[in-house]
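The values are calculated or read from the model by the stated rules, or taken from the named source; none is laboratory data. All of these numbers come straight from a predicted model, not from anything done at the bench. Glycine gets a Cβ as well: all are built from the backbone with ideal geometry, and neighbour counts include every protein chain shown. We work out accessible area using only protein heavy atoms, side chains counted, and drop any ligands, DNA or RNA first. Shrake-Rupley method; radii C 1.70, N 1.55, O 1.52, S 1.80 Å.
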Amino acid sequence: MRDLDVVLEPRHELLRTELRGWLARNAPPRPADDDNDSDEQTMLAHRREWHARLSAGGWSAVGWPERFGGRAADALDRYLYHEELTRAGVPRLLTTAGIALVGPVLMRHGTPEQQARHLPRILSGEELWCLGLTEPDAGSDLAGLRAEARLEDGGWVLSGRKTWVRWAEPATHCAVLVRTEQAPRHRGLSFLAVALNDPAVTVRPLRSADGRHTWDTVDFDAVRVPADALIGERGGGWAVAMGLMELERADQSFADHTDLLELLRTALAAAGARHRRGEIDDAALSRLHRGAVAVWTRCQLFRAVNLRTARRLRAGEPVGDEGSLIRLHWTRAYQELAAVVEDACGPGLLAADAWSRRYLDARATSIFSGSSEIQRTVVGERIARLPRTRTRTRTTPKG
Ligand SMILES: Cc1cc2nc3c(=O)[nH]c(=O)nc-3n(C[C@H](O)[C@H](O)[C@H](O)COP(=O)(O)OP(=O)(O)OC[C@H]3O[C@@H](n4cnc5c(N)ncnc54)[C@H](O)[C@@H]3O)c2cc1C
């Protein structure tokens, strides 16, 4: 299956050629179990190794300015970068929360001291960050969060619980959204950079439906946090959080269509092999082929949306609410792909090719980064300008 072509300018061709050359010399094969391994330690070890190699080659944070160790790559470069990495089948990036989200947030809102303290360590992989937004009673309604920090003796004292925190266990730091002000919901929040090696921090594993341990619940029990750990304005945490979410939906989706197309190819090859062995019949294979065309078409549409986003970012336009549209495209394409494979090939193929984990993983995509219901409300009300629902919905698409 061939992707639709993208017309590039010479400077983007240059970056792509350089990256392809570097990958040809340096890319390790993606471990068969990457992203699907129940042994998180092995997966992390692969990714740490790969991150070190990327950093040494100057390819771990291409979008960062050169003074912070990046290549000042524009959005179209970043789009190509993600596409090339996915096509090369290398391990996934180690520290997406650090490089793609926290780093840029620190560049925008952090003090020079915070930038000097954290950015080099994020780049080297020494600091691994996670995001502490969601709480047991504050998910979609993020502004209803209860974790709080108060100033005492020149520092913050932080108490509360965060949940569904991706990779809190291996992380060194967490960007935590907390209530610091007696003010209306959205205006009373602040962002803190919290080191997780404090005895007053307790990290407990959450097991997902496929048995993996990728997420954790984190308890902060009167944790003392230095006053200068505040990221951005005191009481200005909501704006920082929304900026972070925009980054998550725009920057991190650039490669997702490539990833899905790669999965589709794998599924077709595996189903073809099973058909030749007589394990699935003609009807099942032809159902898969029909479904594959629909998924491929959706992925090409998603690719066009990602490309348009890259061009808009490059022109200095914000992605804003359209991030919700991007998220919905991805969720839809991934879940359709998983359903097509499951319907045509059944649990045999699923089990044989780690597709059962993929299938469950696809189910989660309509929840994290803001649920699909919330994203649809954003699209309906803010992009399509449909009348607001009578009961005012709280719309907080986030991670
Ligand atoms: C795999 C995974 C990874 C995650 N990673 C992180 C992470 O790293 N850091 C982090 O902080 N959080 C993370 N999250 C948390 C995630 O952001 C929340 O689960 C999500 O925002 C939904 O919140 P909730 O689970 O509290 O569900 P709720 O908000 O309780 O929603 C439950 C259901 O009600 C629906 N609903 C709620 N409000 C409305 C409304 N106003 N209109 C219509 N429908 C509505 C939702 O769509 C959903 O179907 C992760 C979650 C998952 C599943």
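Key figures
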| item | result |
| --- | --- |
| In region 205-218, the residues that are part of a strand (DSSP E or B) and either farther than 14 Å from residue 134 by Cβ or open to solvent by 30 Å² or more (accessible area, probe 1.4 Å) (or both) | 205, 206, 215 |
| Residue in region 184-202 that is crowded, with 17+ Cβ neighbours inside 10 Å, among the polar types (S, T, N, Q) and in a loop (DSSP other than H, G, I, E, B) present | no |
| Residue check for residue 380: within 11 Å of the ligand (Cβ to nearest atom), small (Gly, Ala, Ser) and modelled with pLDDT under 85 | no |
| In region 168-179, the residues that are open to solvent by less than 20 Å² (accessible area, probe 1.4 Å) and part of a loop (DSSP other than H, G, I, E, B) | 168, 171 |
| Residue 163, sole failed condition from (1) of a type in the set (Ser, Thr, Tyr); (2) touching a residue at least 60 places away in the same chain (Cβ under 8 Å); (3) near the ligand (Cβ under 8 Å from one of its atoms) | (2) |
| Selected residue (criterion: modelled with the lowest pLDDT) from residues of region 29-55 that are more than 14 Å from residue 94 (Cα to Cα) and open to solvent by 30 Å² or more (accessible area, probe 1.4 Å) | 38 |
| Sole exception among (1) touching a Lys or Arg at 6+ places or on another chain (Cβ under 6 Å); (2) away from the ligand (no atom under 16 Å from the Cβ); (3) among the small types (Gly, Ala, Ser) for residue 143, by number | (2) |
| When residues of region 359-377 are limited to those that are free of Cβ contacts under 8 Å to residues at least 40 places away in the same chain and over 13 Å from residue 327 (Cβ atoms), the one nearest to the ligand (Cβ to nearest atom) | 362 |
| Residue that is farthest from the chain's Cα centre (by Cα) [pool: residues in region 153-171 that are among the charged types (D, E, K, R) and closer than 17 Å to residue 142 by Cα] | 161 |
| The one condition in (1) within 16 Å of the chain's Cα centre (by Cα); (2) among the charged types (D, E, K, R); (3) within 25 Å of residue 79 (Cβ to Cβ) that residue 336 fails to fulfil | (1) |
